[in-house]
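K.L.:
This is the structure, below, for whatever I ask next.
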2 protein chains.
Amino acid sequence: MMPDKAGAKARAEGNAAAEAGHGGRPAARPLYVQVKELMRARLSDGSWKPGRILPSEFELAAEFGVSQGTVRKALDELAVERLVVRRQGKGTFVAEHDEDRALFHFLKLLADDGGRALPESRVLGVKAARANAAERAALALEEGAKVWRIDRLRHLSGRPAILEQVAAPEALFPGLGKEEPVPNTLYRLYEARYGVTVARAEERLKAVAAGAAEAQALDIAPGASLLAIDRIAFAIDGRPVEWRRSLCLTDRHHYLAELV
Amino acid sequence: MMPDKAGAKARAEGNAAAEAGHGGRPAARPLYVQVKELMRARLSDGSWKPGRILPSEFELAAEFGVSQGTVRKALDELAVERLVVRRQGKGTFVAEHDEDRALFHFLKLLADDGGRALPESRVLGVKAARANAAERAALALEEGAKVWRIDRLRHLSGRPAILEQVAAPEALFPGLGKEEPVPNTLYRLYEARYGVTVARAEERLKAVAAGAAEAQALDIAPGASLLAIDRIAFAIDGRPVEWRRSLCLTDRHHYLAELV
DNA sequence: TAGTGGTCTAGACCACCAT
DNA sequence: TGGTGGTCTAGACCACTAG
């Protein structure tokens, strides 16, 4: 543990406790924030892989030279961010995009009757291309950078309901387009195959009119209203790693948002 | 403080500290959760009014017969729920729907260029009526209960953009329809005039086609795509207190959602 | 200077889980 | 039975605010 300012020497010599809490340490950023960032870095760089168990709070405290309570506060906040999962009596684990989380945590579209229909996908096409301006802006890419574009049609309750184009940087996901088959839950693939964990996302919604091709794919009339969802997904370190645009039929489904 | 099970007598006699943390108390629900619920009740029943300062953590701890750390944990969670606001060096305050929060915290519609245009309202009509089936379902009302219905047109960036109907139970807001004028920020009125604090809300979104009357009000073509937002607002105690349906033009605006 | 919330530590006991 | 996270207390010092 290397704190921001003073106290580093004392800490390195093993009397961290005496310095950190009770002593006259200036502490630019709170200790628990520093511990949290160190742990976040391990989650981000692959030192702690998804699904694996973390050292116990006391072990982490000893390693970082802080008290168990400080480690706990850092872990609490990582748990709120869903980067780790606590299981009483067992330990603390690195969060994983299991099938359920991948499918439902980031998919806010529900059936009007309350059910969650399984969103099965049919891939319409996969190709690599130079990123266009919108993709470069969303993904913070340089001019000339390449992306994979995946077009697919997803079904809800057995009916075509979501027409979707996914754009992902080729540099981050080499060979993604050659995966056979492209799985239904891309985030699991990003995590397992490329070590990229999607931690959060931003979605921007608009109501738009269906174009001719979209109408045909979704089996609706041209000009019908569709819910357009633009999503940017961010990795643990905050980098944007995927951009997708989904056109959704909302005659029997709706998008649910909770405001606190 | 009346804990769930055992320890009540000891606590009432003043040695709560000895019993609660170190003793053999079974503790069905954690102490801090019980403290939190007690404080939530005070916020809900008007004992602690919006804007007022709370007793200090030590005073609350003494009153409830727990340690300051336990009160702190309860307050931390209430702060996450935005029911209280902490200000270092000053104290902890009951959260208030100030102009900004009322306008922007629950309004997720942003201009595409990133600006937040002030949503000015023009009231089209206010009337009392028996709640229809949809309103009864959303607001958990009995057959025959009455609601106020407020129709209004809201402008964003100077253009008509949101056509909205608000439904609020008459029993909860007597005389609401006679307020002159009906203010732009209803939640502030609910709070200041009726003691009802909106704590959270659920929104369900769909893309719909504009009807003739809607198209005229919004100055668009009939059949154009609109974003329909159904919102149910809940008070601190969890009761639904308002239902509103907003039809939004999204050609220059979008709805922003964050997924964690 | 006094009071408040914010951080940090230390140590106790509980509930849960695997063995 | 031993180890884990979960709760609770106690007491210290810091940073901020106000008089």
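K.L.:
Is segment B:133-148 home to any residue that is under 16 Å from B:Ala199 (Cα atoms), more than 16 Å from DNA strand C (Cβ to nearest atom) and not in a loop (DSSP other than H, G, I, E, B)?
P.N.:
Checked against the condition, which is being under 16 Å from B:Ala199 (Cα atoms), more than 16 Å from DNA strand C (Cβ to nearest atom) and not in a loop (DSSP other than H, G, I, E, B), segment B:133-148 yields at least one hit.
K.L.:
Which of (1) basic (Lys, Arg); (2) free of Cβ contacts under 8 Å to residues at least 40 places away in the same chain; (3) part of a strand (DSSP E or B) is the odd one out, the single condition B:Arg245 does not satisfy?
P.N.:
Of everything listed in (1) basic (Lys, Arg); (2) free of Cβ contacts under 8 Å to residues at least 40 places away in the same chain; (3) part of a strand (DSSP E or B), B:Arg245 misses just condition (2).
K.L.:
So B:Thr70 fits all but one of (1) under 21 Å from A:Gly69 (Cβ atoms); (2) among the β-branched types (Val, Ile, Thr); (3) within 7 Å of DNA strand C (Cβ to nearest atom); what number is the exception?
P.N.:
Unmet condition: (3).
K.L.:
Going by what's in this entry, would A:Ala167 be described as part of a strand (DSSP E or B), in contact with a strand residue (DSSP E or B) (Cβ under 7 Å, 6 or more places away or on another chain) and away from chain B (no Cβ under 14 Å)?
P.N.:
yes
K.L.:
Which condition from (1) in a helix (DSSP H, G or I); (2) in contact (Cβ under 8 Å) with a residue 24 or more places away in the chain; (3) away from chain A (no Cβ under 14 Å) is the one that B:Ala62 breaks?
P.N.:
Result: B:Ala62 passes all but (2).
K.L.:
Could you run through segment B:243-252 and say how many residues are closer than 15 Å to A:Glu258 by Cα and out of contact with any helix residue (DSSP H, G or I) (no Cβ under 7 Å at 6 or more places or on another chain)?
P.N.:
Of the residues in segment B:243-252, 1 are closer than 15 Å to A:Glu258 by Cα and out of contact with any helix residue (DSSP H, G or I) (no Cβ under 7 Å at 6 or more places or on another chain).
K.L.:
For segment B:230-258, give me each residue that is facing chain A (nearest Cβ under 9 Å), surrounded by fewer than 16 Cβ atoms within 10 Å (Cβ to Cβ) and farther than 24 Å from A:Gly211 by Cα.
P.N.:
B:Glu258
K.L.:
Which residue, of B:Pro119, B:Pro181, is farther than 30 Å from A:Leu247 by Cα and either exposed (fewer than 13 other Cβ atoms within 10 Å of the Cβ) or within 21 Å of the chain's Cα centre (by Cα) (or both)?
P.N.:
Of B:Pro119, B:Pro181, the one residue that is farther than 30 Å from A:Leu247 by Cα and either exposed (fewer than 13 other Cβ atoms within 10 Å of the Cβ) or within 21 Å of the chain's Cα centre (by Cα) (or both) is B:Pro181.
K.L.:
With respect to B:Leu54, determine if the residue is closer than 30 Å to A:Lys73 by Cβ, within 12 Å of DNA strand C (Cβ to nearest atom), out of contact with any strand residue (DSSP E or B) (no Cβ under 6 Å at 6 or more places or on another chain) and not assigned by TED's automatic domain parsing to the domain that holds B:Glu179.
P.N.:
So B:Leu54 does not fit the description; no.
K.L.:
Residues in segment A:186-209: is at least one modelled with pLDDT of 95 or more, among the small types (Gly, Ala, Ser), over 21 Å from A:Ile232 (Cβ atoms) and over 18 Å from the mean Cα position of the chain (by Cα)?
P.N.:
yes
K.L.:
While we're here: Six or more apart or on different chains, Cβ atoms under 8 Å: show the pairs whose first residue is in segment B:101-113 and within 11 Å of chain A (Cβ to nearest Cβ) and under 17 Å from A:Leu205 (Cα atoms) and whose second is crowded, with 17+ Cβ neighbours inside 10 Å and among the charged types (D, E, K, R).
P.N.:
From residues that are within 11 Å of chain A (Cβ to nearest Cβ) and under 17 Å from A:Leu205 (Cα atoms), the pairs are B:Phe106/B:Arg231; B:Lys108/B:Glu203.
K.L.:
Could you list, in sequence order, all residues of segment B:35-66 that are closer than 22 Å to B:Arg239 by Cα, buried (at least 19 other Cβ atoms within 10 Å of the Cβ) and not aliphatic (A, V, I, L, M)?
P.N.:
Passing the criteria: B:Lys36, B:Arg40, B:Ser44, B:Trp48.
K.L.:
Okay, moving on. Assess whether B:Arg149 counts as being out of contact with any Pro (no Cβ under 9 Å at 6 or more places or on another chain), within 14 Å of chain A (Cβ to nearest Cβ) and within 20 Å of B:Ile229 (Cβ to Cβ).
P.N.:
no
K.L.:
Quick check on A:Glu99: is it more than 16 Å from DNA strand D (Cβ to nearest atom) and within 23 Å of A:Leu43 (Cβ to Cβ)?
P.N.:
yes
K.L.:
Considering (1) farther than 29 Å from A:Asp113 by Cα; (2) assigned to a strand (DSSP E or B); (3) among the small types (Gly, Ala, Ser), say which one B:Gly177 fails and leave the rest.
P.N.:
(2)
K.L.:
Follow-up. Are any residues in segment A:113-148 in contact with an Asp or Glu (Cβ under 9 Å, 6 or more places away or on another chain) and within 22 Å of A:Leu249 (Cβ to Cβ), and if so, which ones?
P.N.:
Matches in segment A:113-148: A:Ser121, A:Val123, A:Leu124, A:Gly125.
K.L.:
Please specify each residue of segment A:28-47 satisfying the condition of being touching a strand residue (DSSP E or B) at 6+ places or on another chain (Cβ under 9 Å) and within 14 Å of DNA strand D (Cβ to nearest atom).
P.N.:
A:Met39
K.L.:
List the number of the failed condition for B:Glu180; all other conditions in (1) in contact with a Leu (Cβ under 7 Å, 6 or more places away or on another chain); (2) among the acidic types (Asp, Glu); (3) more than 13 Å from chain A (Cβ to nearest Cβ) hold.
P.N.:
Exception for B:Glu180: condition (1).
K.L.:
In segment A:187-229, what count of residues is obtained for those that are surrounded by 17 or more Cβ atoms within 10 Å (Cβ to Cβ), part of a loop (DSSP other than H, G, I, E, B) and within 10 Å of another protein chain (Cβ to nearest Cβ)?
P.N.:
Summing the residues that are surrounded by 17 or more Cβ atoms within 10 Å (Cβ to Cβ), part of a loop (DSSP other than H, G, I, E, B) and within 10 Å of another protein chain (Cβ to nearest Cβ) in segment A:187-229 gives 2.
K.L.:
Here are A:Arg193, A:Arg188, A:Arg149: which of them is in contact with a strand residue (DSSP E or B) (Cβ under 8 Å, 6 or more places away or on another chain) and not hydrophobic (A, V, I, L, M, F, W, C)?
P.N.:
Only one candidate qualifies: A:Arg149.
K.L.:
Within segment B:86-94, is even one residue within 24 Å of the chain's Cα centre (by Cα) and crowded, with 18+ Cβ neighbours inside 10 Å?
P.N.:
Yes.
K.L.:
Just to be sure I understand, how many residues within segment B:67-84 are crowded, with 16+ Cβ neighbours inside 10 Å, among the β-branched types (Val, Ile, Thr) and either in a helix (DSSP H, G or I) or at pLDDT below 95 (or both)?
P.N.:
2
K.L.:
Considering only residues that are surrounded by 20 or more Cβ atoms within 10 Å (Cβ to Cβ) and of a type in the set (A, V, I, L, M), which ones fall in segment B:139-171?
P.N.:
B:Leu139, B:Leu141, B:Val147, B:Ile150, B:Leu156, B:Ala161, B:Ile162, B:Leu163, B:Val166, B:Ala167, B:Ala168
The values are calculated or read from the model by the stated rules, or taken from the named source; none is laboratory data. Since this is a predicted model, take the numbers as computed values, not measurements. Here Cβ is always computed from backbone atoms with ideal geometry, including for glycine, and neighbour counts include all displayed protein chains.
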